[in-house]
1. Please name whichever of B:Ser75, B:Tyr128, B:Gly339 sits farthest to the positive end of the charge dipole of the protein assembly as shown, dipole taken about the Cα centre and charges placed at Cβ: Lys and Arg +1, Asp and Glu -1.
2. Let me check something: with ligands and nucleic acids excluded, how do A:Met130, A:Met65 order by accessible area (1.4 Å probe), largest to smallest?
3. Can you pull the three principal axis extents for the Cα set of the range B:46-176, in Å, largest first?
4. How large is the translational diffusion coefficient of chain B in µm² per second when you combine the Kirkwood radius over alpha carbon pairs with Stokes-Einstein at 4 °C and 1.567 mPa s?
5. Check cross-link reach from B:Lys289 to the lysines: straight Cα distance under 30 Å, and skip same-chain residues fewer than eight apart.
6. Report the Stokes-Einstein translational diffusion coefficient (µm² s⁻¹, integer) for the range B:72-128, Rh taken as the Kirkwood radius over Cα pairs, at 10 °C with viscosity 1.306 mPa s.
7. Bin width 10 Å, alpha-carbon pairs only: give the P(r) of the range A:99-154 as whole percents, running from 0 to the bin holding the largest distance.
8. Eigenvalues of the Cα gyration tensor times 5, then square-rooted: what semi-axes does that give for the protein assembly as shown, in whole angstrom, largest first?
Amino acid sequence: MANAGGLWQVGPRFQKEHNGYWFNGLRLSYAPGIIEQHNLAATLDYASSRWGSAWGGEGVSFQDMVELAGTWHFRPGRWVDPRAGLSLGYYYVDTEGFQLYESNHALTFSLFAGLASHLHPRFGGPYLDMGYYLLLGPGVSFPLYFSLGWQVPLPWSVL
Amino acid sequence: MKSALNKSVLNGSIASGSPAWVLALGLAAVFCLSLFSNCELTEADIEPTTMLDGDIIFDSSSYLVSDSFPNPSDSILNLPVIIAAHGFSATTFEWLDFEEFRDSVHSANPDSAFLLSRVLLGGHGISYKAFKESTWREWQAPILEEYRKLRDLGFTRISLAGASTGGTLIAEALASGKLELEGHSPPDNIFMVDAIVIPMARALSLIDWVGPIVGNSISEADSEEEAAHWYTNRPQEALNELLEVITRVRGQLEDGITLPEGTQLTIYKSDKDPVVDPISGLLMYKGFKSSGDGDVSLEIIRSKLHVYTRSAGREEKFSSGDFDNQKDTFADMRDKAIGP
């Protein structure tokens, strides 16, 4: 039953900005122990418009984000697990040779809250969050977002 | 062991339950408070003697070519015409500088260069009430009406220019085929000046949710002239219409908009525009596709202004560099409208 190594999980992340674009990607998460016993989890995401609205789109810009988040689960491991967290990120927009901004890089910061549902204690999701970017990069003007996805444990985390 | 563990977890989660929900509510409050940073939660404040919003000042002057030349001669019909559409909350005043440029450069015979038809968007230039009740399709209608009238009169060299939302409305018309008139050739040129696809104001993306709470957004004019030619009060209904049309055009650009055969599109975008995110220029450049002899070009202008071509009403803010930008763009538009 004991899992001294912590729980590593990975899965897709789909993010839709309210009245904006789709940014999709991958999430890697870590919880220090069996999920039922720990409220805190950390996640590392890569999300991009390349895998979202820019996929097959014509007039869409390429925007990439890497975000590190800390999440507090209020009912870890349960079927209905509300959670809240904050994330710090790095954002880059490709302006395709045109000088549109002083810098195409930016720091992002968002607060989010939502629900996770652990179909199995080892599964971190599916989850659905609503969040708000207090710091945004240039080229996006849609601070409210919804993200959803699911997580499956990485092989070495399954006991 | 498992049941013992479950029991301890259950107890633990009940104990941590109440502060958890308080935190969740707190977060919700943070979201809500930050939404209102750009808006003033006030009712419309109208000073009828000085503001466009009131009933006294009414910009009904007609600057339409179709009105000025109801029976155009062949020599008139041979002239290039530029239909110019202003932006959100503005009036025909926004394109006054272009007319003055033409008149001063071609002072001997201004009309010999090109004809300028300044369209007044629906719901604009009237009153706060008219603005509040109008839809983006009503804003757009006068552009389409003037285009059709000029074609019916026999004009063959027609270009369209849009400032800010005026450009967005022209883009929507192109995407929806509203400028395709049977038996008539397509527009020669489309000029976009700081057309809006992505706004700088983040609150706009939330207006469909918070609109009824916000009610009205006030944008104080910087001068008497501006108060007389732009609406000061922007009701949430109008902001919602704006959000709707920019979202629609954003989607149309995602799908790609093919220009009519031979139509040239020139996108002018100021790089430090405080109202429209410069990425809007790139999105139009990527989203519009030329066909036939047509071409799409994007020019980034070094400017801190929104609709950098407009000096009327804010001359004291214009540097010599700004006047150069204005002149260069007007000359470029004139040259392209006249053609080879």
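The values are calculated or read from the model by the stated rules, or taken from the named source; none is laboratory data. This one's a predicted model, so the numbers in the text were calculated from it and none came from an experiment. As a convention, Cβ positions derive from the backbone with ideal geometry for all residues, glycine included, and neighbour counts pool all protein chains shown. Keep in mind that these areas ignore ligands, DNA and RNA; they rest on the heavy atoms of the full protein, side chains included. Shrake-Rupley method; radii C 1.70, N 1.55, O 1.52, S 1.80 Å.
1. B:Tyr128
2. Details: A:Met130 65, A:Met65 10 Å².
Heavy-atom accessible area, descending, gives A:Met130, A:Met65.
3. 46, 36, 25
4. Values: Rh = 21.7 Å.
Roughly 60 µm²/s, to the nearest whole number.
5. Qualifying lysines at Cα under 30 Å: A:Lys16, B:Lys149, B:Lys178, B:Lys269, B:Lys272, B:Lys304, B:Lys327, B:Lys336.
6. Values: Rh = 12.6 Å.
Reported coefficient: 126 µm²/s.
7. 21, 35, 26, 15, 3
8. Details: eigenvalues 545, 117, 63 Å².
Output for the protein assembly as shown: semi-axes of 52, 24, 18 Å.
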